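Asker: Sharing a structure here in structure tokens format.
None of the figures in this text is laboratory data; all of them are computed from the coordinates on show. Computed from a prediction, not measured in an experiment: that's the story for all the values here. Neighbour counts run over all protein chains shown; Cβ positions are idealised from the backbone, glycine included.
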Amino acid sequence: MVRLKTVFSQIKYFLQDLPNLVKFVFFMPDKWDVAPLNPMTKTDTIIVGAGPYGLSLAAHLSHHGISHRIFGEPMDTWRNHMPKGMLLKSDGFASNLSSPNDAYTLGQFCAENKIPYHDTMIPVDLKTFTSYGLAFQKKMVPQLENCQVTEVHPGPNGYKVTLDTGETLMARRVVLAIGITHYPFMPPSLRNMPESIVTHSSKSSDPQHMKGKDVTIIGSGASSIDLGVLLHENGSKTRIITRKAGLRFHEAPKAETSWWEKIRHPSSGIGPGLRSRLCTDFPHLFRLLPEKMRVDIVRRHLGPAAGWPMKARTAGVEVIPYSQVEFASENNGRAVLVLRNKNGNRQEIETDHVICATGYRPDMNRLTFLAPAIREKIATEEGSSALSANFESSVPGLYFLGLSAAVTFGPTMRFVYGADYSVKHLVKHLKATQEKGYSQESVGSRVQQDGLRESLQRIS
Ligand SMILES: Cc1cc2nc3c(=O)[nH]c(=O)nc-3n(C[C@H](O)[C@H](O)[C@H](O)COP(=O)(O)OP(=O)(O)OC[C@H]3O[C@@H](n4cnc5c(N)ncnc54)[C@H](O)[C@@H]3O)c2cc1C
């Protein structure tokens, strides 16, 4: 009797899984373990990078059924290269990753997790934004493969892409959503100093790692001020060296604004102001401006300034204004900086560690994972790739998003806010130019494969 019951339950399991098995045997034999078994899989579009831009693009491509694969560590820049405790400069409403029909906004994430949220009046903290990005990835981009693209070579009808897993695959097009990671900029006077005493701000994600030390920060932008405050609050003695008169901060948002103020200083996703609003709303018009003007606007618009909540917290941070580093050397494991101020006077300071909060500058030569045959053909404007109206570089099938696209499409591309505009535009183009013969295998089939594996295990 017991044996009969067991046989019946096995038959029941078998019947439950029969549709999956039929699908597997007749329709998907070549897709079992696609990645490991077939070293030359073909994909329409590959996305390099899983920050806000890469994740947004993947969410839209899935929605439109465009075959793609996306590679990168999710939200790496935000998790590993920004100081813990930092507040975002951008407002809540301007910090959404882009998804079809606004399927998953920061506001929704905060409501789900009972985190206080307001479009403008509550600053977004780094932890909340990073958690939102990771939740977005799990929900909207489960197909993400957490690995690095190590090489991109020209291939037949597109590109040959190699991953750090050893897999090589072919793709018709490659979108570089690589953000800021390859472009940290250090002033020439500090570039050759040992890393033990001089680093770029992208390496200071833990404000406690300099506890008890004397730290000098170069630059007066948000990164510099945030780091100065956070390091000071975590037990370092901090000073900021700036070429400007002092530190600048954005104005705190007002609960009520008059109609005149709304016209003079309209709200925008990169801060209030008519210029900012023109930049966010008309990136394609921006592209038509002469190159020199675009480069100038991207460099100067918004200028160095920290978010308004930081203003009240800078009291313990020393500021040396109107000065820049002329020369740097090492003395017994400490850095010696020779400063020159605007009157030509020199000052020498000795410090345990120097942090260059001197920003990021696109430079195609730094993208060493691109084969020289590709890099050499990328036409550039001020180090960035010159882009077509479809975000395509001068190398057909190679696209750029984010900071690399700022010289073409304006300062909005330096912010998360620019993801929605650029991704929607790029997806339209990728959809219109996709070729038949590439199936959207990545998400669906992997999920089915996992289901099948489970079914087979249960039956056997
Ligand atoms: C201190 C600081 C504060 C900032 N504050 C704000 C703010 O408040 N609001 C705002 O909108 N913006 C802010 N920014 C700018 C912010 O970095 C960008 O808006 C945002 O990260 C752009 O997203 P992204 O996807 O283009 O780039 P990123 O977030 O940099 O993502 C790019 C990803 O590509 C990955 N990658 C690179 N090469 C490869 C490869 N070969 N293979 C696989 N993956 C690769 C990287 O690991 C990275 O995860 C800030 C920047 C800094 C430094």
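Asker: Shape of the stretch 138-245 from its Cα gyration tensor (a ≥ b ≥ c, root eigenvalues): rounded if a/c is under 1.5, otherwise prolate when a/b > b/c, or oblate?
Answerer: prolate
Asker: A further question follows. Measure nothing fancy, just the Cα-based angle from helix 418-432's long axis to the longest principal axis of the chain, in degrees from 0 to 90, nearest 10.
Answerer: Around 40 degrees separate the two axes.
Asker: Which of the aspartates and glutamates could a cross-linker bridge to LYS424, judged by Cα under 17 Å and excluding same-chain residues fewer than eight apart?
Answerer: ASP102, ASP281, GLU392
Asker: Exceeding 31 Å between C-alpha atoms, which entries from my cross-link table qualify? They are LYS84/LYS428; LYS211/LYS244; LYS42/LYS89; LYS139/LYS428; LYS89/LYS139; LYS89/LYS114.
Answerer: From LYS84/LYS428; LYS211/LYS244; LYS42/LYS89; LYS139/LYS428; LYS89/LYS139; LYS89/LYS114, over 31 Å: LYS84/LYS428; LYS42/LYS89.
Asker: Based only on other Cβ atoms within 10 Å, what is the fewest-to-most ordering of SER95, SER268, SER196?
Answerer: Numbers: SER95 23, SER268 20, SER196 10.
Arranged by neighbour count, lowest to highest, SER95, SER268, SER196 become SER196, SER268, SER95.
Asker: While we're here: May I ask you to order 249-255, 137-143 by the average number of other C-beta atoms within 10 Å around their residues, highest value first?
Answerer: Ranked from most to least packed, the peptides come out as 137-143, 249-255.
Asker: Right, next: With a/c under 1.5 counting as rounded, go ahead and sort the chain into rounded, prolate or oblate using the C-alpha gyration tensor (a ≥ b ≥ c being the square roots of the eigenvalues; past the cut-off, prolate if a/b is larger than b/c, else oblate).
Answerer: prolate
Asker: With the cut-off at 17 Å, report for the stretch 291-378 the share of all Cα pairs above it, as a whole percent.
Answerer: Details: 2740 of 3828 pairs.
Everything past 17 Å amounts to 72 percent.
Asker: So what is the 222 nm mean residue ellipticity for the chain from helices alone, if each DSSP H run of at least 4 adds -39500 (n - 2.57) and you divide by all residues, rounding to the nearest 500 deg cm²/dmol? All intermediate terms of the calculation are to be shown ahead of the outcome.
Answerer: Numbers: 16 runs with 149 residues, N = 460.
About -9500 deg cm²/dmol.
Asker: Let me ask you something else. Which loop-located trypsin sites (Lys or Arg not before Pro) does the stretch 302-410 contain, where loop means any DSSP state but H, G, I, E or B and the Cβ has at most 12 other Cβ atoms within 10 Å?
Answerer: When the trypsin sites (Lys or Arg not before Pro) of the stretch 302-410 are filtered for loop state and at most 12 Cβ neighbours within 10 Å, LYS342 remain.
Asker: Which of SER205, SER258 comes first, and how do the rest follow, when ranked by fewest Cβ neighbours within 10 Å?
Answerer: Numbers: SER205 17, SER258 9.
If I rank by nearby Cβ atoms, fewest first, I get SER258, SER205.
Asker: Sorting check: for 184-192, 418-426, which peptide has the highest mean count of neighbouring beta carbons within 10 Å, and how do the rest follow?
Answerer: Ranked by mean Cβ neighbours within 10 Å, highest first: 418-426, 184-192.
Asker: Could you sort the peptides 56-66, 282-292, 235-245 by per-residue average Cβ neighbour count (10 Å cutoff), highest mean leading?
Answerer: By packing density, highest mean first, the sequence is 56-66, 235-245, 282-292.
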